[in-house]
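None of the figures in this text is laboratory data; all of them are computed from the coordinates on show. Owing to the predicted nature of the structure, the values given are computational and were not obtained by experimental measurement. Neighbour counts run over all protein chains shown; Cβ positions are idealised from the backbone, glycine included.
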Amino acid sequence: MNKELLLKNLRNIPDFPVPGIQFKDVSSLFKNPECLKEMSDALYELYKDKGITKVAGIESRGFVMAASLALRLGAGFVPIRKLGKLPAETITETYGKEYGHDTIEIHKDAIDENDVVLVHDDLLATGGTMLAAYNLVKKLNPKKAMINFLIELEGLKGRDVFPADAQIDCLLSLEGK
Ligand code: AMP
């Protein structure tokens, strides 16, 4: 994977959405056709032999690559959304994040015991969002669940919040917070 290409095109917005946050704007990668292809190919290579049947994406930046990866893998796409957006019966989790609190939910019938699930989001900061999403998916009893991010902010040590057996992969690891 061409990490330099991705790093060169990843826009950093200081103090967004609140002072002190260095916001990694993945829309600057999504809008660039070369970056989009690079990420899509890298994800496909990582997960093509893992037997994945569902890719779950976290609203909203997680939807982009989750849906395109699902299509390439011949898997289904499952949305994990903020409270009140999903129309059918759901289960929910509330969590703290780098800025504020949130509740996410998943449709109860989105995943079953025959599924191998990849849960994807754009970025790992403190890990709260993904841990809640991973917990939601696990409650639906899939055969296996794996975790993926485009970007990890290593300095925030988000990996530490996950169980030791969680399988976590990131395309880019950034040293800062
Ligand atoms: P966390 O739960 O702390 O791991 O936060 C991850 C979620 O918040 C992801 O959905 C990210 O899109 C978003 N997020 C948190 N911090 C940042 C950041 N510094 N840059 C971009 N997105 C962020």
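Report the gain in length on full extension from ILE91 to LYS157: 0.36 nm times residue separation, minus Cα-Cα distance, nm rounded to one decimal. Let's see the in-between values first.
Values: separation 66, 0.36 × 66 = 23.76 nm, distance 2.74 nm.
Roughly 21.0 nm would be gained on extension.
Quick one: if you take sqrt(5λ) for each eigenvalue of the C-alpha gyration tensor of the range 54-123, what semi-axes come out, biggest first, whole angstrom? Write out the running numbers ahead of the final one.
Numbers: eigenvalues 83, 47, 19 Å².
Ellipsoid half-lengths, sorted descending, are 20, 15, 10 Å.
Using only the alpha carbons, work out the radius of gyration and Dmax of the range 127-177 in angstrom.
Spelled out, the Cα radius of gyration and Dmax of the range 127-177 are 11.4, 35 Å.
Given N residues in the range 75-177, what is its alpha carbon radius of gyration divided by 2.2 N^0.38 Å? Mind dumping the intermediate values first?
Working: Rg = 13.5 Å, N = 103, 2.2 N^0.38 = 12.8 Å.
Here the answer is 1.05, to two decimals.
Which of the pairs LYS8/LYS31; LYS108/LYS139; LYS54/LYS143; LYS3/LYS24; LYS108/LYS138 have their Cα atoms more than 19 Å apart in this structure?
Values: LYS8/LYS31 14 Å; LYS108/LYS139 9 Å; LYS54/LYS143 11 Å; LYS3/LYS24 15 Å; LYS108/LYS138 11 Å.
Checking Cα-Cα distances, every pair stays at or under 19 Å.
Run the paramagnetic zone check for LEU71: 7 angstrom along Cα to Cβ, then residues of the range 8-38 with backbone nitrogen under 16 Å.
From the range 8-38, the list is 30-38.
Tell me which DSSP H helices of the chain clear both cut-offs, 18 Å or more of axial length from alpha-carbon atoms and a mean Kyte-Doolittle hydropathy of at least -1.0.
Working: long enough: 33-47 (21 Å, -0.35); 61-73 (19 Å, 1.19).
Answer set is 33-47, 61-73.
Modelling each spin label as a point 7 Å along the Cα-to-Cβ direction, I'd like the LEU7/SER27 distance in nm, to one decimal.
2.5 nm
Determine ³J(HN,Hα), in whole Hz, for all residues of the range 113-124 in sequence, where each value follows from phi through the Karplus function 6.51 cos²θ - 1.76 cosθ + 1.60 and θ = phi - 60°; x replaces Gly and Pro.
Going residue by residue, I get 5, 8, 7, 10, 10, 9, 9, 10, 9, 6, 8, 9 Hz, with x marking Gly and Pro.
Multiply the residue separation of ASP112 and ASN141 by 0.36 nm, subtract the distance between their alpha-carbon atoms, and state the gained length in nm to one decimal.
Details: separation 29, 0.36 × 29 = 10.44 nm, distance 0.63 nm.
Difference between extended and current length: 9.8 nm.
Take the Cα pairs of the chain, get the Kirkwood Rh, then feed it into Stokes-Einstein at 37 °C and 0.692 mPa s and tell me D in µm²/s. If you can, show how the numbers build up before the last one.
Values: Rh = 16.4 Å.
Value of D from the Cα-based Kirkwood radius: 200 µm²/s.
Using alpha carbons only, how many angstrom separate the centre of the range 16-46 from the centre of the range 107-161?
18 Å
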